[in-house]
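What follows is a short report on a single structure.
The values are calculated or read from the model by the stated rules, or taken from the named source; none is laboratory data. Values in this document were obtained by computation on a predicted structure and should not be read as measured data. When we count neighbours, we look across all protein chains shown, and the Cβ atoms used for this are built from the backbone with ideal geometry, even at glycine.
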Amino acid sequence: MADKKTETLPRKTYELELLRLQTELVKLQEWVRAEGARLVVIFEGRDAAGKGGTIKRVTEHLNPRVARIAALPKPTERERTQWYFQRYAEHLPAAGEIVLFDRSWYNRAGVEHVMGFCTKEEYQLFLRQCPIFERMLVEDGILLRKYWFSVSDAMQQERFRRRLEDPLRRWKLSPMDLESITHWEAYSRAKDEMLVHTDVSEAPWYIVESDDKRRARLNMIAHLLGSVPYHDVTPPVLELPARPASTGYERPPRDLQTYVPDHAAGL
C-alpha cells in the first residue's frame, strides 16, 4: 500500500487515457438521452479527497442540459422542517438526464453527525431510512452509483496546505474543512458506521483510493462506464447548409457599438 501512495501516474499516460474515457462518457450521455435512462452518481469522501476535480473531468465534455451537478448549500429554515430526503429528491433526474451529487444526503451520516448538526435520533432515523430510500430509487429504474473517495491523513494535510498557499484554490478551504483535521478519527468511525448500514446490494458503495488524483479520476470514470450497459447510439446525419446569397444587409458602423478593449494586444 505504501508503494501505491508514492507512485504518481505519468501525466502523458493520464491525459491520453482521460481523453479516451471522456469520449466514452459522451457515448454514455447519448445513450442516456436516447434510452430515456436516469443516472445518479454520488460523490462522497473526506475533504480534499478529490471529488470536485473528478466531477470536473466527468462533465468537461458533456452537455449541461443532460448532465448537471447538484451541490446543495446548507438547508434553509423551511427545508429543516421537511422530510430529510425531500430537498435531495427534487434534484433527481428525469428521463434522459444524469445528475452528479457533489455531496448528497450522506451529509447526515458525516458532517452533520460528527459536528453535532443533527440529533442522535435524526442520525439513527437516517441510517434506517437511507437504504429504503435508495432501494425505492433503484426499483423505480434509476441507475444509482455511489463513490467514496478515500484519502490518507497525510495527503489531506498536504492538500489543505496547498490550498492555503494558492490564491486560485483558497476558496476551496473553509473553517469547517480545517476542523475535519481535528475530527479525523470521528469521521473515520462515522464512515465505517455509514457503510455498515448503507452498503446494500441494490446500491453498493465503491471505494476510490485518491492519494493519487490522476489514478482516482481514471479508476472512478472507468468503473462508472463499466457498470452501465450503454452502447453507441447512431447520431443523426447532419450537413452544413449552403449559405444563402446576400440580400443587401450591411453591418452598422463599429463606432456605434461598445467593444471590449483588446487586452490581449498588450501581452
Revision key, fill the gap. Only unsatisfied item for Ala186, checking (1) of a type outside the set (Asp, Glu); (2) surrounded by 13 or more Cβ atoms within 10 Å (Cβ to Cβ); (3) under 28 Å from Leu18 (Cβ atoms), is (3)
Review point. Pro261 passes all but one of (1) in a loop (DSSP other than H, G, I, E, B); (2) within 22 Å of the chain's Cα centre (by Cα); (3) surrounded by fewer than 14 Cβ atoms within 10 Å (Cβ to Cβ); which number fails?
Key: (2)
Review point. Which of (1) closer than 17 Å to Gly50 by Cβ; (2) part of a helix (DSSP H, G or I); (3) touching a His at 6+ places or on another chain (Cβ under 9 Å); (4) of a type outside the set (A, V, I, L, M) is the odd one out, the single condition Arg145 does not satisfy?
Key: (2)
Review point. Considering Arg68, Arg103, Arg57, Arg80, which residue is in contact with a helix residue (DSSP H, G or I) (Cβ under 6 Å, 6 or more places away or on another chain) and either under 30 Å from Leu16 (Cβ atoms) or not acidic (Asp, Glu) (or both)?
Key: Arg57
**Study point:** Some residue of the range 114-128 being crowded, with 17+ Cβ neighbours inside 10 Å, under 20 Å from Glu179 (Cα atoms) and small (Gly, Ala, Ser)
**Key:** no
Check your understanding: at pLDDT below 95, surrounded by fewer than 10 Cβ atoms within 10 Å (Cβ to Cβ) and under 23 Å from His61 (Cβ atoms): does that describe Pro236?
Key -> yes
Study note, to complete from the structure: When Lys74 is run through (1) surrounded by fewer than 15 Cβ atoms within 10 Å (Cβ to Cβ); (2) under 18 Å from the mean Cα position of the chain (by Cα); (3) closer than 30 Å to Phe160 by Cβ; (4) modelled with pLDDT of 95 or more, the failure sits at (4)
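Look at the range 135-174 and say how many of its residues are basic (Lys, Arg) and exposed (fewer than 15 other Cβ atoms within 10 Å of the Cβ). Break it down into steps so the answer makes sense when it comes.
Taking the range 135-174 and keeping what is basic (Lys, Arg), we get 135, 145-146, 159, 161-163, 169-170, 172.
From what is left, the residues that are exposed (fewer than 15 other Cβ atoms within 10 Å of the Cβ) are 161-162, 169-170.
The number of residues fulfilling the criteria is 4.
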Check your understanding: Checking His91 against (1) of a type outside the set (A, V, I, L, M, F, W, C); (2) modelled with pLDDT of 95 or more; (3) out of contact with any strand residue (DSSP E or B) (no Cβ under 8 Å at 6 or more places or on another chain); (4) part of a loop (DSSP other than H, G, I, E, B), which test does it fail?
Key -> (3)
Practice item. Identify, by number, the condition in (1) crowded, with 19+ Cβ neighbours inside 10 Å; (2) in a helix (DSSP H, G or I); (3) among the hydroxyl-bearing types (Ser, Thr, Tyr) that Tyr84 doesn't meet. Key: (2)
Practice item. Quick one: which residue in Ile132, Ile55 is among the hydrophobic types (A, V, I, L, M, F, W, C), within 21 Å of the chain's Cα centre (by Cα) and either closer than 30 Å to Met155 by Cβ or exposed (fewer than 15 other Cβ atoms within 10 Å of the Cβ) (or both)? Key: Ile55
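Does Asp177 satisfy being loosely packed, with under 14 Cβ neighbours inside 10 Å, out of contact with any strand residue (DSSP E or B) (no Cβ under 8 Å at 6 or more places or on another chain) and in a helix (DSSP H, G or I)? If you could, list the steps in order and put the result at the bottom.
Details: loosely packed, with under 14 Cβ neighbours inside 10 Å: no; out of contact with any strand residue (DSSP E or B) (no Cβ under 8 Å at 6 or more places or on another chain): yes; in a helix (DSSP H, G or I): yes.
The answer is no for Asp177.
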